[in-house]
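Read through the structure below, which is laid out as structure tokens, and then see the notes.
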Amino acid sequence: MTHQPSTARFVRVLAPEFVPALLILLVIFLAAIDSGLAEDWVLPPGQLARGWVGACMWAGFLLGLVQGGWERFTTTADYVRHRGMGLRRMDLLTTGLSCATLALAAAVGVGIRLGWNAWSDPNAGAADWSRIGWLVGLGLTGLQGFAIAMWSIRLRAGAGLRFALGVAGVFALFQVAAFTSPADLGWALFLSVQLVITIPLLVLAERSWLQGTDTDLPLPRGDALVQSPVACAVGALGACLLAWSIQGGLHARWVEHAVGIVRTSDREWILGGDDTGTGVGATGGGELARVDAQGSWLTPDGRPSERRVTLEGSTFFSPVLAHWKASRVPALQHAIELGRYSYQGSIRVGGPWEILSRTADEQSYLDRSTGLVHAVFLASESRARGRREVFDTRGPVVEERAPAPFPAQVEILGPVSVTSSHAQVLLGDRRRGELWAFGMGADGAQLQALALPDGDPGYSGWDLGTNSTRPLVVEGARAAYEWDGEQFHALAGESLAAWERYRAAADLVPQVEIDRPDPVAFRVGIVEPASGVELFQHEYGARGGVQGAREDGMQLLSLLRPPLLLLASHAGLGPDDMPHQATFERAFFLDPLVAHGKRPGLVALAWGLVIVLAAWTAWRLRRWPVSTDRVGMWVLLVLLLGPTAFLVGLGLETRRAWRQVPVSEPLPPARPLIQTA
Amino acid sequence: MSAPIEFDRIHRSFAGESVLSGLSLSVQPGEVYALLGRNGSGKTTALRILLGMLQPMAGRSAILGVDSGALDGALRERIGYVGEGHQLEHSRTVKRTLDYEQATRGRFDRAAAAARLGDLGVPLKQSVKKLSRGQRAQLALVLALAGRPEVLVFDDPGLGLDVVMRRELLDAMIDLLAEGGTTVLFSTHVMADVERLADRVGVLHQGSLLVDASVDDLRTRVTRRFVRPARADGSAAFDGTRVPRLLAARTLPDGVEVTLLDAAEDQLQLLSAQGRVSDPTPLSLEDLFVALTAAEGPRGSFHATGAALSRAPEPALEISS
């Protein structure tokens, strides 16, 4: 090798760090792929893509810890530096290699998944390679995690604070990703936002890298002006997230145990209870029994009247389940399935064991982001060859059909699986009162506008669900109409009476109302929709020592938040809904406990606490030769960002760093006892 | 600053403990300077500050006329450095290490280094981590020397080596020095190495330099005498404060052993007043080092069994060479 310093330095960083890091990342990606999330990686269909954002961030964070830790804790740093590899060059090399590592791991991971899809699932061929922008954007989120790790690992603080700030930084970034969810943004905007976040983080990481790790010296003024506020802000965000997570968790237990509706095979139940047990409150077949108006069973206190049951084979109505049931199409972003027609048949082609099986499948999708209808054709044959069954899969063939003439908010009425290739699927737009029929087998005019009989101007909508076997009924302005597969007929006679009975019974599904938005004390009511009569109500609050302790814990967590944000929450900035994790997800920095004027004493206590901590900070720093403006900065940070800024200050501005600094010209040294002139 | 190596009032502490408090020294061109000191006396800290690996809290240092904080790659090529513990990348083979050195240092003579390693029996295909400690030391030294440096900085190069290996190491250094012109600063605990190699010696103790003198001066001008007290029970206090150029005094059961600089009549008179004084004996470098840096050092008060000895801080004693 001749004199090639750049190559040699690159190889030096590559060999010990890149290969193990790549292996770690590959394991992560393969594990994630194995869990079936890869479809979301290939094609983020919305909220689920956040899981991939998180995975990339943590992978990048891990990579940063490996690389930064390697350089920090190996004993060859002096050797390497003396070979001309300065800190800046080392930083640039490791950052560049991290980009390459993340990109390679992602590419290999996705490649394996696509290969797997191509082999196991013919529909995977419909994946859109042009959406590489999503991948790059997700890769940048990994680089953000890397930058956070490199920033935190070089902070001049103890290992505990460094790690805590690193973890808080990744959590905070991940939470920020809630504002930049791929579901809300196009790929270009998503990519741009990630780029805007990534670049300053990398600059910050480099600055942290260059400042060194000498904990016996205070940070120079310029570095302190940048690093200290950033560290405090990250710490405050972490505190908000911690409070949000634990408070939300405590509150979620409150609410989840409070009330739920369970449907078994023959009746509906109202279910309630708390950690200590479960009670059943109401039963009835289409009609609700008047339940215990006091709702004492909802907070079991050990009375003999409490009943605890185990319901087997029940189905919980849960928005979470509804989310998972949502149509997910790996091929088309934001697509909904319009219809599906499947055919399967077998014929004898020779001897009694020589059966040829054919399967055909046609699926139609509406891409809500583009308004285009796509048809996907799949076919497969299987036949016996010797003692083996041989499969021959053809397709998928994707055809782009005519643009849909209706808005993206269209919903499917009735079942999507049809038994005939010429069957029609009904679509409706509630807001505009329009109805459409979608023909599965039609080559030309697949979509046909429908009109209700007798010029009925619109429909108010009655969706029986895509899997219902009941007749499809649509309510117009003047009557209810039944769809026979080709046209509408007004309901009359026994059909109309049966429809009205059905609808009246359906109206009896109770509505659960929760008012007074407070995580600790709230009121639950169950209202009969038809009459408006409140069947059940219960006041929730902290009862007993355990629940009281839980409430106290929630309030203590509030004190960790920046007092300014507590004040903003108190003043009414924040969601009006029932405050729990979901509604405060994008406002995790606000406190539901004090939201909308609640608990002014807690806000006052938080302010009192930070004033004491700010005074303590000033007293502590003034004992050392810390400049006045630096003391002022820390006091301001503590006042603005709360107790976490105080804790960060304890870690960054240490007595060890300040006590030995000569502030004036160094004293002349003692002369040697023996000196040769 | 014109000397190749200069420290100017360097202060440095770790966790509040002062390690260097005003270190000042310079090494002249072509001079071999041995920095001695007990464990934790600040030798490694001084060398790391000199090479810009560590920031001093006050003062400045320079090497080849350039401030230590501003050393660039080109200047580092002119400096050979073997760090504490012979820092090398353990994951590489010796051959890869030579490749890396050649790639990163333009002045590196790969052929000479490979030949030298062959002479020393260091296998080129061996992984560095599988080399013995002595072989790693040899490798580190060969790498440093093969860069044909103008300045060599070694941090205890013989650490962990047996006598034979250390001798080979010294021979290699002597070969290099024979070519002339190379300035060397090395730290060590082995006085024999110093006596073979060094032109000048510095003794670091409690953060400052106790000795900064040529080896020849120390050999010829430092002597030792034994003072037997006039009273048989030995209870009388030995007062060394009035004895000029007294470097150290050690209480023994039957008297006091004194280390003197530039023995002269005035010293003898004052010592004789306190007891019977033996003839002067020459002092080895190791004896001098022990006398200066042992717990009963010369810079503070000390008490010993049988007699209380006390002395005030001594003014600097200059030797005109």
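Computed quantities for the displayed model
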| read-out | value |
| --- | --- |
| Hey, B:Ala248 free of Cβ contacts under 8 Å to residues at least 60 places away in the same chain, assigned to a strand (DSSP E or B), within 14 Å of chain A (Cβ to nearest Cβ) and not basic (Lys, Arg) or not | yes |
| Residue in segment A:613-623 that is assigned to a loop (DSSP other than H, G, I, E, B), charged (D, E, K, R), more than 24 Å from the chain's Cα centre (by Cα) and at pLDDT below 95 present | yes |
| Every pair of residues 6+ apart whose Cβ atoms lie under 6 Å, when the first sits in segment B:89-108 and is polar (S, T, N, Q) while the second is assigned to a loop (DSSP other than H, G, I, E, B) | B:Thr93/B:Lys125; B:Gln102/A:Met1; B:Gln102/B:Phe108; B:Thr104/A:Arg83; B:Thr104/A:Gly84 |
| Scan of segment B:59-78 for residues that are under 22 Å from the mean Cα position of the chain (by Cα) and facing chain A (nearest Cβ under 8 Å), ordered by number | B:Gly59 |
| Hey, A:Arg431 out of contact with any helix residue (DSSP H, G or I) (no Cβ under 8 Å at 6 or more places or on another chain), modelled with pLDDT of 60 or more and surrounded by fewer than 16 Cβ atoms within 10 Å (Cβ to Cβ) or not | yes |
| Enumeration of residues in segment B:251-295 that are among the polar types (S, T, N, Q) and either open to solvent by less than 50 Å² (accessible area, probe 1.4 Å) or assigned to a strand (DSSP E or B) (or both) | B:Thr251, B:Thr259, B:Gln267, B:Gln274, B:Ser278, B:Thr281, B:Ser284, B:Thr293 |
| Residue count, segment A:223-260 (criterion: open to solvent by 40 Å² or more (accessible area, probe 1.4 Å), farther than 22 Å from A:Arg162 by Cα and either modelled with pLDDT of 90 or more or outside any helix (DSSP H, G or I) (or both)) | 0 |
| Whichever residue in segment B:79-107 is touching a Gly at 6+ places or on another chain (Cβ under 8 Å) and more than 8 Å from every other protein chain (Cβ to nearest Cβ) and, among such residues, is surrounded by the fewest Cβ atoms within 10 Å (Cβ to Cβ) | B:Arg107 |
| Filter result (in contact with a Leu (Cβ under 8 Å, 6 or more places away or on another chain) and surrounded by fewer than 23 Cβ atoms within 10 Å (Cβ to Cβ)) within segment B:195-206 | B:Glu195, B:Arg196, B:Leu197, B:His205 |
| Leading residue by the ranking (least open to solvent (accessible area, probe 1.4 Å)) among those in segment B:109-121 that are touching a residue at least 12 places away in the same chain (Cβ under 8 Å) and within 14 Å of chain A (Cβ to nearest Cβ) | B:Ala113 |
| In segment B:296-310, residue modelled with the highest pLDDT [restricted to those that are away from chain A (no Cβ under 14 Å) and part of a loop (DSSP other than H, G, I, E, B)] | B:Glu296 |
| Hey, B:Leu124 farther than 30 Å from B:Ala58 by Cα and either open to solvent by 10 Å² or more (accessible area, probe 1.4 Å) or away from chain A (no Cβ under 14 Å) (or both) or not | yes |
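The values are calculated or read from the model by the stated rules, or taken from the named source; none is laboratory data. This is a predicted model, so every value here is computed, not measured. Glycine gets a Cβ as well: all are built from the backbone with ideal geometry, and neighbour counts include every protein chain shown. Accessible surface areas use protein heavy atoms only, side chains included; no ligands, DNA or RNA. Shrake-Rupley method; radii C 1.70, N 1.55, O 1.52, S 1.80 Å.
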